[in-house]
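Working notes for the structure below.
Read-outs throughout are calculated quantities, based only on the coordinates presented, and are distinct from any laboratory measurement. Given the structure is predicted, the values throughout are model-derived calculations rather than measurements. All Cβ positions, glycine included, derive from the backbone under ideal geometry; neighbour counts span all protein chains shown.
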Amino acid sequence: MSLTIASLFSVAGKTAVITGGSRGIGEMIARAYVENGARVILTSRKAADVEALARELGDAATSIPADLSQMAEIDRFAAEVARLAPRVDILFNNAGASWGAPFETFPELGWDKVMDLNVKAVFFLTQRLLPLLEAAATPESHARVINIGSIDGQHVSPIETYSYAASKAGVLHLTRMMAKYLAPRHIAVNAIAPGYFPSKMTAGIADHINEVALAATPMKRWGTIEDMAGIALFLGSPASAYLCGSVITADGGYATTA
C-alpha cells in the first residue's frame, strides 16, 4: 500500500452528496471536493443560491434544490440523486437551521423547524440513500456518511438556542448509533463538530457574544475554509479508513478547553 499524500488523502473520482451545499460550511466542502477531483451533488432550500454555486464550480457540480425538512422532499431528492448517480461514495449531512428565543417564549415552530432539518433529515436522507451508499461500499473501501454537528452539542451555549443545541447533541449521538449499525454494511459514519466558522448562522449572533467567544478561543481566530476543507477531505479519504463513530471537533479550542 502506498503511504503518499496523493494516495492516502485522495477523493478523486468519488461522488459526494452535500446538503446545505450553497453556502457556509457546505460551500467550503463542495469547493474542496471539486478542487480535488470529486463530483459533487449539492442541495439547498434556496434554489437560486445552490444553482449559482453549481454553475461556478463547473461540470463537476450538480444542484438539486430541495427542502429537506419535508419528508416528501427527502424522497424526491433521493430519487433525483439515484437518477443521476449509480452510487454515492460520501454523504455530507450538513443542512441545518437554528432558532433563538428566551425560555419563556420559545415557540413550538422554533423547535419543530430545527429538529426536522437538523436531526430527522439526517436520519431519513441517509436511509433513503442507503442503496446508493451500499453500491459504493466494499470491505476494502467503505462508503462514508459525515454528519455536521456543532460544539453546541458538546457544551452549554451562551445563547438561548434550545432546539439547536439539543439537535446537535442528537446528531452526535445519532452518528454513533448509525456508525455501529451501518459499519457491517461497509459504511463508515463519523461527524464534525465545528465551532465558529463564517456563515449566515454565525453572522446572526450578536457582536458582543462573538467578541467574548473569540477572546475565549485559545487560537484567537475563527475557522477558515482551509480548516474545514482539510477535515472534510480526511474523512472522505482512505486516511480515515479506521474511524467509525468518531467526532472531530474543530473550534480552535473554544469549547474543548473551557
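Tally Lys/Arg at +1 and Asp/Glu at -1 over every other residue whose Cβ is under 14 Å from the Cβ of HIS186; what's the total? All intermediate terms of the calculation are to be shown ahead of the outcome.
On the way: positive: ARG87, ARG144, LYS180, ARG185; negative: ASP89, GLU134, GLU140.
It works out to a net charge of +1.
Could you tally the net charge around ALA255, taking each other residue with its Cβ under 12 Å from the Cβ of ALA255, Lys/Arg +1 and Asp/Glu -1?
Numbers: positive: LYS168; negative: ASP152, ASP251.
Taking every other residue near ALA255 into account, the sum is -1.
What's the longest uninterrupted piece of the chain once you rule out the GluC sites (Glu not before Pro) that are loop residues per DSSP with at most 16 other Cβ within 10 Å? List each step's numbers first, then the result.
Numbers: sites that count: GLU140, GLU160.
Longest run free of exposed loop sites: 1-139.
Translational diffusion coefficient of the chain at 25 °C, 0.890 mPa s, Stokes-Einstein with Kirkwood Rh over Cα pairs, in µm²/s as a whole number. If you can, show how the numbers build up before the last one.
Numbers: Rh = 18.4 Å.
Answer, rounded: 133 µm²/s.
Would you mind calculating the relative contact order of the stretch 5-250 from Cα pairs under 8 angstrom and at least 6 residues apart, reporting the percent as a whole number? Before the final figure, lay out each step's value.
Working: 470 pairs, mean separation 50.5, N = 246.
Relative contact order of the stretch 5-250: 21 percent.
Of the listed pairs LYS46/LYS120; LYS14/LYS220; LYS46/LYS180; LYS120/LYS220; LYS14/LYS168, which have alpha-carbon separations greater than 25 Å here? Write down the numbers at each step before the final one.
Numbers: LYS46/LYS120 19 Å; LYS14/LYS220 35 Å; LYS46/LYS180 34 Å; LYS120/LYS220 34 Å; LYS14/LYS168 27 Å.
The pairs that break the limit, which is 25 Å between Cα atoms, are LYS14/LYS220; LYS46/LYS180; LYS120/LYS220; LYS14/LYS168.
Which one of LEU133, LEU182, LEU42 has the biggest mean-square fluctuation once the chain is modelled by GNM with Cα springs under 10 Å?
Checking each option, the largest mean-square fluctuation is seen for LEU182.
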